[in-house]
1. Under the 0.36 nm per residue contour assumption, what length would be gained going from the current alpha-carbon distance of Ile48 and Trp2 to full extension?
2. Given the convex hull over the Cα atoms of the chain, what projected area results after averaging over all orientations, in nm²?
3. If I model a spin label at Ala30 and Arg58 as a point 7 Å from the Cα along the Cα→Cβ vector, what separation in nanometres do I get?
4. Please go through the chain and write out the trypsin sites (Lys or Arg not before Pro) that DSSP classes as loop and that have at most 16 other C-beta atoms within 10 Å.
5. Throw me the Rg/Rh for segment 1-48, computed over C-alpha atoms with Kirkwood Rh, two decimals.
6. Would you mind ranking Leu85, Leu75 so that the residue whose beta carbon has the fewest other beta carbons within 10 Å leads the list?
7. So which chymotrypsin sites (Phe, Trp or Tyr not before Pro) in segment 2-95 pass both tests, a DSSP loop state and at most 13 other Cβ atoms within 10 Å of the Cβ?
8. Excluding Tyr16 itself, calculate the net charge of residues whose Cβ lies under 12 Å from the Cβ of Tyr16, where each Lys or Arg counts +1 and each Asp or Glu counts -1.
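Nothing in this text is a laboratory measurement; each read-out follows from the coordinates by a stated rule. Worth saying up front: this structure is predicted, and the values here are computed from it rather than measured. Please note: Cβ atoms are built from the backbone with ideal geometry, for glycine as well, and neighbour counts cover all protein chains shown.
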Amino acid sequence: MWALLCEIPYGGTTTYGEIAKAVALRSGLASMSSQAVGGAVGHNPISIIIPCHRVIGRDGSLTGYAGGIEKKIHLLEHEGALSSLFYTPRRGTAL
């Protein structure tokens, strides 16, 4: 999974679901849940190197960044990846 995260280009984003599909494909699994990906991404020990801030919810939600949503927004802005379609949910366990 870490290798897949490193393949997300600077200024790009992908979803937890897309990462889950790619991990399942590369691992020979029938499927993998996006929640499993979220759990793993949340335990990224070297987020400065492995760009987990580039992973967003399929609906454009900016959730699940261990460094905090404000830092995720800042990093995406810095890379030119922040879209007006992205949003921060008001409620949820991933905030």
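1. On the way: separation 46, 0.36 × 46 = 16.56 nm, distance 1.24 nm.
The span from Ile48 to Trp2 would gain 15.3 nm if fully extended.
2. Details: hull surface 22.9 nm².
Mean projected area for the chain: 5.7 nm², to one decimal.
3. Spacing of the two 7 Å Cα→Cβ label points: 1.8 nm.
4. Values: sites: Lys21, Arg26, Arg54, Arg58, Lys71, Lys72, Arg90, Arg91; in loops: Arg58, Arg90, Arg91.
Answer in residue order: Arg58, Arg90, Arg91.
5. Details: Rg = 10.6 Å, Rh = 11.1 Å.
Ratio of gyration radius to Kirkwood radius for segment 1-48: 0.95.
6. Details: Leu85 8, Leu75 19.
Sorted ascending by nearby Cβ count, the order is Leu85, Leu75.
7. On the way: sites: Trp2, Tyr10, Tyr16, Tyr65, Phe86, Tyr87; in loops: Tyr10, Tyr65, Phe86.
The qualifying sites are Tyr10.
8. Details: positive: Lys21, Arg54, Arg58; negative: Glu18, Asp59.
It works out to a net charge of +1.
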